[in-house]
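All remarks here apply to the structure that follows.
No lab work stands behind these numbers, since they all come straight from the coordinates. These numbers come from a predicted model, not from an experiment. Reconstructed Cβ throughout: ideal geometry from the backbone, glycine too, with neighbour counts over all protein chains shown.
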Amino acid sequence: MYINRSKGFTLIELLVVIAIIGILSAVVLASLNTARSKGNDAAIQSDLSTIQTQAEIFYSAGNTYTGLCADTTIERARAAADAANGTTVAAFCSANATAYAATAQFVANTGDYWCVDSTGNSKRITGTASAITVCP
């Protein structure tokens, strides 16, 4: 009786499958952005850790932090932090003869900054801290 019946999917079945795939891809892309932001924040912390290490090498060479922010390795680490956060807010460095501090804005929460200083602090701070030599 049903010899001429063709095998295949109906248009409705195909549309339902396409809709489900679209919903699943939207969920995956949303979680990917969160992971990307956290990865950029980790890169910022790493770049500022480089500044902290290089600052101690700089200090051991001359017993002063004066001129630290102009050091080429420090400049490269600041540029890498700027590239990681992708904003126009530049990573900030301030130094005098006996102390320094460096901050960079986070990506996941743009109101927070990562701060490192000459006392060994490495921590999240709220709001930018310009012209400081100790993390608040």
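Worth a mention:
- Extension gain (nm, one decimal) between Thr66 and Ala26, 0.36 nm per residue minus Cα-Cα: 9.4 nm
- Cα shape, the stretch 69-115, gyration tensor, a/c 1.5 rule: oblate
- Across the stretch 27-136, counting alpha-carbon atoms alone, Rg and Dmax equal 14.2, 54 Å.
- Note on the chain: helix-only mean residue ellipticity at 222 nm, from DSSP H runs of 4+ residues weighted -39500 (n - 2.57) and normalised by residue number, equals -17500 deg cm²/dmol.
- Within a Gaussian network of the chain (alpha carbon springs, distance under 10 Å), most fluctuating of Val28, Val16, Val116: Val16
- Rounded to 10°, Cα long-axis angle of helix 72-85 versus longest principal axis of the chain: 30
- Between Leu15 and Asn121, the modelled label-to-label distance comes to 6.1 nm, taking each label 7 Å out from Cα in the direction of the beta carbon.
- Lys, Arg +1 and Asp, Glu -1 on Cβ, resulting dipole of the stretch 11-126 about Cα centre, debye, nearest 20: 100
- By other beta-carbon atoms within 10 Å, ranking Ser122, Ser130 with the fewest at the front produces Ser130, Ser122.
- The label point for Asn33 and the one for Thr110, both projected 7 Å from the Cα toward the Cβ, are 1.3 nm apart.
- With loop membership from DSSP and a limit of 16 other Cβ atoms within 10 Å, the longest segment of the chain without trypsin sites (Lys or Arg not before Pro) is 8-136.
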